[in-house]
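Trainee: Here it is, the structure, as structure tokens.
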Amino acid sequence: MEFYEQMLLIRRFEEKAGQLYGLGLIGGFCHLYIGQEAVVTGLQSAIEPGKDSVITGYRDHGHMLACGIDPNIVMAELTGRASGISKGKGGSMHMFSVEHGFYGGHGIVGAQVSLGTGLAFGHKYKEDGGVCLAYFGDGASNQGQVYESFNMAELWKLPVIFVIENNQYAMGTSVNRSSSEDQLYRRGESFRIPGVQVDGMDVLAVRGAVEEALKYVRAGKGPVLMELKTYRYRGHSMSDPAKYRSRDEVQDVREKSDPIERLKAMLIKQGVKEEDLKALDKKVRKTVMEAADFAEESPEPEMSELYTDVLVEQY
Ligand SMILES: Cc1ncc(C[n+]2csc(CCOP(=O)(O)OP(=O)(O)O)c2C)c(N)n1
Ligand SMILES: [Mg+2]
């Protein structure tokens, strides 16, 4: 039930963000996570808050919600308000909460893999028992710095799980068009990093797989690579006309493998009442409505904020 609620929260939050974008209340880039909810929900549920760390790319709203960050301040950030988590100056791609172990929010494709390896180095150096989850996309998995990071992570047995969210596309380019080895879980093999491929539309499969991965990494054996096969329903960002795939393809995934519908069917089969699920949906809608209201009612940053948190010195 918790997983169901968490996935619904992410979906409804993203739908609302899409609406606010359409109304012109969100500017700049906005990459929605709709379709991929089971990945972050399953993975985050297994890690230890306050001990482990998380880092991802620009498709980051779901990760923040799954880290337990207040939806109000995430929505306020998307709409560029002073009460946003980055004081309204970061926007969709640049949000952080060290308190929640969430290290961004990065617009440079692949950068989070190297930074995440650094976070893992920090965990090992400080002997704090933490593990870093470094999430990245199928497109990012073709980036050079990913492999430099893999090499160091295995050589130094760093506590990191490399999480490839294979949503089949990198902007308009499909995995098969761009990848000579399209079984992405194998990408760590030449560095001796074990890899596992998981159905990223099945939240329980994700949870089960990450438990195993965490056991391995926490035992000091070095990194694990997880490939989560998933799908994004919306365009790459809000400004993507999505001409590189057919509507039928998207519809087919929605109908046959939607992670929320799949869990719902499972719950009902196990005897959960439909009205209890409806009540959760209502609760989630209320949370999201409140986040949108909070965002819209918050003021924009003061002009003086233009000069704060910005590097002006030479270094
Ligand atoms: C270093 C770098 N190269 C190119 C881009 C432009 N770019 C932004 S997102 C993206 C596609 C990445 O796709 P993927 O890693 O599959 O992630 P997804 O968007 O599917 O979550 C590209 C090429 C960038 N931001 N940074
Ligand atoms: Mg992708």
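The values are calculated or read from the model by the stated rules, or taken from the named source; none is laboratory data. Since this is a predicted model, take the numbers as computed values, not measurements. Positions of Cβ are backbone-derived with ideal geometry, glycine not excepted, and every protein chain shown enters the neighbour counts. Protein only, heavy atoms only, side chains kept; ligands, DNA and RNA dropped before computing areas. Shrake-Rupley method; radii C 1.70, N 1.55, O 1.52, S 1.80 Å.
Trainee: Using the structure shown, decide if K283 is more than 22 Å from the chain's Cα centre (by Cα), in a helix (DSSP H, G or I) and free of Cβ contacts under 8 Å to residues at least 24 places away in the same chain.
Mentor: Answer is no for this residue.
Trainee: Would you check which residues across the stretch 158-182 are open to solvent by 20 Å² or more (accessible area, probe 1.4 Å) and within 15 Å of ligand 2 (Cβ to nearest atom) and list them? Explain how you work it out, then say what you get.
Mentor: So in the stretch 158-182, the residues open to solvent by 20 Å² or more (accessible area, probe 1.4 Å) come out as 168-174, 176-178, 180-182.
Across the stretch 158-182, the qualifying residues are Q168, Y169, A170, M171, G172, T173, S174, N176, R177, S178, D182.
Trainee: Just one of the numbered conditions (1) more than 9 Å from ligand 1 (Cβ to nearest atom); (2) closer than 20 Å to D240 by Cα is not true of M152; which one?
Mentor: If we test M152 against (1) more than 9 Å from ligand 1 (Cβ to nearest atom); (2) closer than 20 Å to D240 by Cα, just (2) comes out false.
Trainee: Also, I was wondering about something else. Would you check if E189 is within 16 Å of ligand 1 (Cβ to nearest atom) and over 20 Å from the mean Cα position of the chain (by Cα)?
Mentor: Criteria not met by E189.
Trainee: While we're here: How about the stretch 40-60: which of its residues are open to solvent by less than 20 Å² (accessible area, probe 1.4 Å) and either at pLDDT below 95 or within 16 Å of ligand 2 (Cβ to nearest atom) (or both)?
Mentor: V40, T56, G57, D60
Trainee: Next up: Would you please list the contacts, defined by Cβ atoms under 8 Å and residues six or more apart or on different chains, that run from a residue in the stretch 133-148 that is open to solvent by 10 Å² or more (accessible area, probe 1.4 Å) to a residue that is more than 9 Å from ligand 1 (Cβ to nearest atom) and of a type in the set (D, E, K, R)?
Mentor: none
Trainee: May I ask you to say which residue of G195, G188 is open to solvent by less than 10 Å² (accessible area, probe 1.4 Å) and in contact with a helix residue (DSSP H, G or I) (Cβ under 7 Å, 6 or more places away or on another chain)?
Mentor: Just one listed residue meets the conditions, G188.
Rundown of residues vs (1) within 15 Å of ligand 2 (Cβ to nearest atom); (2) touching a strand residue (DSSP E or B) at 6+ places or on another chain (Cβ under 7 Å); (3) open to solvent by 60 Å² or more (accessible area, probe 1.4 Å), yes/no style:
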{"site": "L228", "(1), (2), (3)": "yes, yes, no"}
{"site": "G235", "(1), (2), (3)": "yes, no, no"}
{"site": "R247", "(1), (2), (3)": "no, no, yes"}
{"site": "R254", "(1), (2), (3)": "no, no, yes"}
{"site": "K278", "(1), (2), (3)": "no, no, yes"}
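Trainee: Counting only residues that are more than 17 Å from the chain's Cα centre (by Cα) and in a helix (DSSP H, G or I), which one in the stretch 74-116 is farthest from G22 (Cα to Cα)?
Mentor: Ranking the candidates gives E99 first.
Trainee: State which residue is farthest from G200 (Cα to Cα) when the search covers only the stretch 245-267 and only residues that are among the hydrophobic types (A, V, I, L, M, F, W, C) and under 23 Å from the mean Cα position of the chain (by Cα). Walk me through how you get there before you give the answer.
Mentor: At the first step, the residues of the stretch 245-267 found to be among the hydrophobic types (A, V, I, L, M, F, W, C) are 250, 253, 260, 263, 265-267.
Now drop any that are not under 23 Å from the mean Cα position of the chain (by Cα), which leaves 250, 253, 260, 263.
Working: V250: 16, V253: 12, I260: 12, L263: 12 Å.
Filtering first and then ranking leaves V250.
Trainee: Can you confirm whether I164 is modelled with pLDDT of 95 or more, within 15 Å of ligand 1 (Cβ to nearest atom) and closer than 19 Å to G222 by Cβ? First the steps, then the outcome.
Mentor: Values: modelled with pLDDT of 95 or more: yes; within 15 Å of ligand 1 (Cβ to nearest atom): yes; closer than 19 Å to G222 by Cβ: yes.
Criteria met by I164.
Trainee: State the number of residues belonging to the stretch 167-178 that are more than 9 Å from ligand 1 (Cβ to nearest atom) and part of a strand (DSSP E or B).
Mentor: Going through the stretch 167-178 one residue at a time, the tally reaches 1.
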